[in-house]
Amino acid sequence: MKWDEIALKIAKDIEKDIMPIFGKKEASKFIGYSPSGDKTKLVDKIAEDIVLEHLLPLDVNIVSEESGGINKESEYTVVVDPVDGSYNFIKGIPIFGFSFAVFKKNEPIYTMIYEFVTKNVYEGIPKRGAYLNGRKIKVKPLKLESISLSFYGNKDANFLKNVRRFRILGAIAVELVYLAKGSLDGVVDIRKYVRPTDIAAGVVIARESGAIITDENGEELTFNLSATERLNIIAVNSKELLDIILENIK
Ligand code: MN
Ligand code: MN
């Protein structure tokens, strides 16, 4: 299957239907609860329906934020967050994106994150690389005097005093691709909050751009293809920053 074409078509169809309500109150209309207990809002529901409309006919397994898991006994599983950062969307903050990750058995084979406002397409293909609009991207080298970090967790950690710029943007999928393209040095969420649907694509794109991705103990991050598991994640551009963070969050 041409996963890149399928992903982009879904993203563009979502864009067409949600952008007219960007920043509008109706976008926040309460629809119900997702399997992980989060509120599904109108914007989420519109986007989710488009995802299902495209993926159900392909007879692949689907793990999506609002509908949970749909098992078709396929060897392919698509893990989707139709709109990551939907609170930003509702509030008129232009940082939100579509996250799409294809797994064959349990291994990722293709991932995409699409940013609706900039129209940037990020792709991660295991062992081949990470791309922004078709051009290879790399994490930036760490400079200790100008660390730029997204950090969700207890703000008492000592090293945080030395962070030059906090960039806590409210859309972890998007934050992970900002790490991948060198705009951030790290993305940390140690609240046991993020789900596989939020990060499945972002971790591949970040890893392929040279990032190191671990759990709160510095072990390689692993997760199930599930819409409800809650994870801690540390994603950084360097071993040096990883060590500083691990040392400080104990
Ligand atoms: Mn999300
Ligand atoms: Mn979402």
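The values are calculated or read from the model by the stated rules, or taken from the named source; none is laboratory data. Because the structure is predicted, anything quoted here is derived from the model rather than measured. As a convention, Cβ positions derive from the backbone with ideal geometry for all residues, glycine included, and neighbour counts pool all protein chains shown.
Inspect segment 148-159 for any residue being within 16 Å of ligand 1 (Cβ to nearest atom), in a strand (DSSP E or B) and not hydrophobic (A, V, I, L, M, F, W, C) and give the result as yes or no. Reasoning before the result, please.
Keep residues of segment 148-159 that are within 16 Å of ligand 1 (Cβ to nearest atom), which gives 150, 152.
From the residues that got through so far, the ones that are in a strand (DSSP E or B) too are 150, 152.
From what's left, not hydrophobic (A, V, I, L, M, F, W, C): 150, 152.
Yes.
Residues checked against (1) in a loop (DSSP other than H, G, I, E, B); (2) at pLDDT below 95; (3) within 11 Å of ligand 2 (Cβ to nearest atom); (4) in the same structural domain as THR228 (by the TED database):
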| site | (1), (2), (3), (4) |
| --- | --- |
| ASP17 | no, no, no, no |
| GLY37 | yes, yes, no, no |
| THR40 | no, yes, yes, no |
| ASP49 | no, no, no, no |
| GLU53 | no, no, no, no |
| SER74 | yes, no, no, no |
| THR77 | no, no, no, no |
| TYR87 | no, no, yes, no |
| ILE90 | no, no, no, no |
State which residue is farthest from the chain's Cα centre (by Cα) when the search covers only segment 140-164 and only residues that are surrounded by fewer than 16 Cβ atoms within 10 Å (Cβ to Cβ) and either under 16 Å from TYR178 (Cα atoms) or at pLDDT 90 or above (or both). GLU145
What pairs can you find where one residue is in segment 143-163 and of a type in the set (Val, Ile, Thr), the other is surrounded by fewer than 18 Cβ atoms within 10 Å (Cβ to Cβ) and not in a loop (DSSP other than H, G, I, E, B), and their Cβ atoms are less than 9 Å apart, with a gap of 6+ or different chains? ILE147/PHE159; ILE147/ASN162; ILE147/ARG165
Taking segment 203-242 as the search range and keeping residues that are among the charged types (D, E, K, R) and in contact (Cβ under 8 Å) with a residue 24 or more places away in the chain, which one is surrounded by the fewest Cβ atoms within 10 Å (Cβ to Cβ)? LYS239
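Any idea which of ILE93, ILE113 is surrounded by fewer than 17 Cβ atoms within 10 Å (Cβ to Cβ), β-branched (Val, Ile, Thr) and touching a residue at least 24 places away in the same chain (Cβ under 8 Å)?
Matching residue, one of ILE93, ILE113: ILE93.
In this structure, is GLU65 among the acidic types (Asp, Glu), in contact with a strand residue (DSSP E or B) (Cβ under 9 Å, 6 or more places away or on another chain) and in the same structural domain as GLY129 (by the TED database)? Quick ask: steps written out before the conclusion?
On the way: among the acidic types (Asp, Glu): yes; in contact with a strand residue (DSSP E or B) (Cβ under 9 Å, 6 or more places away or on another chain): yes; in the same structural domain as GLY129 (by the TED database): yes.
Taking the combined requirement at face value, the residue satisfies it.
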Would you point out which residue out of ASN248, ASN237 is closer than 20 Å to VAL139 by Cα and among the polar types (S, T, N, Q)? ASN237
